[in-house]
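Okay, so here's the structure we're looking at.
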Amino acid sequence: MRIGVVHGPNLNLLGTREPGVYGGATLDDVNAGVATLAAELGVEVEFFHSNHEGGLVDHVQEAAGRVRGFVVNAGAYTHTSIALRDALAGVARPFVEVHLSNVFARERFRHRSYLAARAVGIVSGFGAESYRLGLRALVEHLRNEQES
Ligand code: DQA
């Protein structure tokens, strides 16, 4: 089973970007933690980052043929992008929405997600661990789906 991990805008700045909000881990650190868990779970993962909405849409469409689902941190596009929501819905691959910060404890504009209603679930507020929790939950969801 292969899972796509998708990082949206500004997540390439992790490590130096608002460390009080997002922690000190870099994007490579986050990916390394996810890769370690993936090996434990016996799944393959691939990583993608883009600062561009269209790049994320293209990637979701292109990767859908080889992945069973996605772990998605769409960054600020979470709160704005109907296009990304439609791409995820259009390829019909289950996905988990993740955020490093607890978006519901922050500004009001972060409380709305265009992706959430289409997600299997959301993990928000656990720093880099949000991705790992999201991966674990998604793999369990897909394995249960396979059995039923
Ligand atoms: C974020 C939360 C978003 O509101 C913000 O725009 C981000 C990061 C998070 O991981 O906490 O870029 O998705």
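A quick yes/no check of all residues on (1) touching a Leu at 6+ places or on another chain (Cβ under 7 Å); (2) touching a residue at least 60 places away in the same chain (Cβ under 8 Å):
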site	(1), (2)
P19	no, no
A25	yes, yes
V30	yes, yes
V34	yes, yes
S50	yes, no
G54	no, no
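Within region 1-28, the residues that satisfy the criterion of being within 10 Å of the ligand (Cβ to nearest atom) and not small (G, A, S) are H7, P9, N10, L11, L13, L14, R17, E18, V21, Y22. Annotation: of all residues in region 14-37 being touching a helix residue (DSSP H, G or I) at 6+ places or on another chain (Cβ under 8 Å) and part of a helix (DSSP H, G or I), the one that is farthest from G75 (Cα to Cα) is L37. When L138, L133 are checked against the criterion of being more than 10 Å from the ligand (Cβ to nearest atom) and within 21 Å of P19 (Cα to Cα), L133 stands alone in meeting it. For region 80-109, the set of residues classified as within 12 Å of the ligand (Cβ to nearest atom) and among the hydrophobic types (A, V, I, L, M, F, W, C) consists of V98, L100, V103, F104, A105, F109, listed by residue number.
Let's see how each residue does on (1) within 15 Å of V6 (Cβ to Cβ); (2) among the charged types (D, E, K, R); (3) touching a Pro at 6+ places or on another chain (Cβ under 8 Å):
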residue	(1), (2), (3)
G42	no, no, no
S50	yes, no, yes
A63	yes, no, no
R93	yes, yes, no
V98	yes, no, no
S101	no, no, no
S113	yes, no, no
A117	no, no, no
G127	no, no, no
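For region 127-145, state whether one or more residues are surrounded by fewer than 19 Cβ atoms within 10 Å (Cβ to Cβ), in contact with a helix residue (DSSP H, G or I) (Cβ under 7 Å, 6 or more places away or on another chain) and among the hydrophobic types (A, V, I, L, M, F, W, C). No, the conditions are met nowhere in region 127-145. For region 73-112, the set of residues classified as closer than 20 Å to Q61 by Cα, part of a loop (DSSP other than H, G, I, E, B) and open to solvent by less than 70 Å² (accessible area, probe 1.4 Å) consists of A74, S81, P94, listed by residue number. Residues considered: V67, V45, V123. Of these, the only one that is touching a Phe, Trp or Tyr at 6+ places or on another chain (Cβ under 9 Å) and not in a helix (DSSP H, G or I) is V123.
The values are calculated or read from the model by the stated rules, or taken from the named source; none is laboratory data. Note that the coordinates shown come from a computational prediction; the quantities given were computed from them, not determined experimentally. FYI the Cβ positions are ideal-geometry reconstructions off the backbone, even for glycines, and counts take in every protein chain you see. With ligands, DNA and RNA removed, areas are computed over all heavy atoms of the protein, side chains included. Shrake-Rupley method; radii C 1.70, N 1.55, O 1.52, S 1.80 Å.
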